[in-house]
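So the structure is just underneath, and the comments pick up after that.
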Amino acid sequence: PHLQVHAIKKGKLYPLVKRSKRQRSLFDRLPDVIVISYFTLRTWAETLAEIVRLVVFEECQQLARPGSGIHTACTHIASKATHRLGLSATPIRNYGCECFRVVDVLQVRPVTIVRIEHAELAFETALSRAIGIAAPTEGGS
């Protein structure tokens, strides 16, 4: 009902709370909700990771590109958040491969070292079985 909402529109970092009476700033305390674009998030990832409790990724199919700056920033923030939510109305292509990459950012788990190809294949196989299509093989589909 009385949430403080702030939209970060600039890539340049700035304080989200007041530092002194003379300085004009946004809030006396951190905003309850911070809205930020994926592009701008790359600059703010370290700062927001220190304060995040819940992260909502709108258009979460953006998380399906490992190695990109956006994926790296989102993964870092998600690892610090207590709760994660991904929203998308866009179909995720390539069966389980892209779906795995999105879910991998969103899920809570201890860090495990595993070859990503094996994890993607296992996820794609389980997904294929669940929806009743032929499962892929290690050498390709």
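The values are calculated or read from the model by the stated rules, or taken from the named source; none is laboratory data. Just so we're clear, the structure is a prediction, and the values are computed from it rather than from any experiment. Heads up, the Cβs are rebuilt from the backbone with ideal geometry, glycines too, and the neighbour counts pull from every protein chain shown. Please note that ligands, DNA and RNA were not included when accessible areas were found on the heavy atoms of the full protein model with its side chains. Shrake-Rupley method; radii C 1.70, N 1.55, O 1.52, S 1.80 Å.
Structural remarks
- Checking F100 against (1) assigned to a helix (DSSP H, G or I); (2) farther than 18 Å from A7 by Cβ; (3) open to solvent by 30 Å² or more (accessible area, probe 1.4 Å), the condition it does not meet: (3)
- Failed criterion for P31 (all others in (1) over 22 Å from C97 (Cβ atoms); (2) modelled with pLDDT of 90 or more hold): (2)
- Pair list, Cβ < 7 Å and 6+ apart or interchain, from the range 50-61 residues that are acidic (D, E) to residues that are part of a loop (DSSP other than H, G, I, E, B): E59/S88; E59/T90
- Among residues of the range 1-12 that are in a loop (DSSP other than H, G, I, E, B), those with a beta-carbon under 8 Å from a residue that is among the acidic types (D, E) at least six positions away or on a different chain give the pairs L3/D32; Q4/D32.
- Of note, P91 does not satisfy the criterion of being more than 18 Å from V102 (Cβ to Cβ), open to solvent by 70 Å² or more (accessible area, probe 1.4 Å), at pLDDT below 85 and in a loop (DSSP other than H, G, I, E, B).
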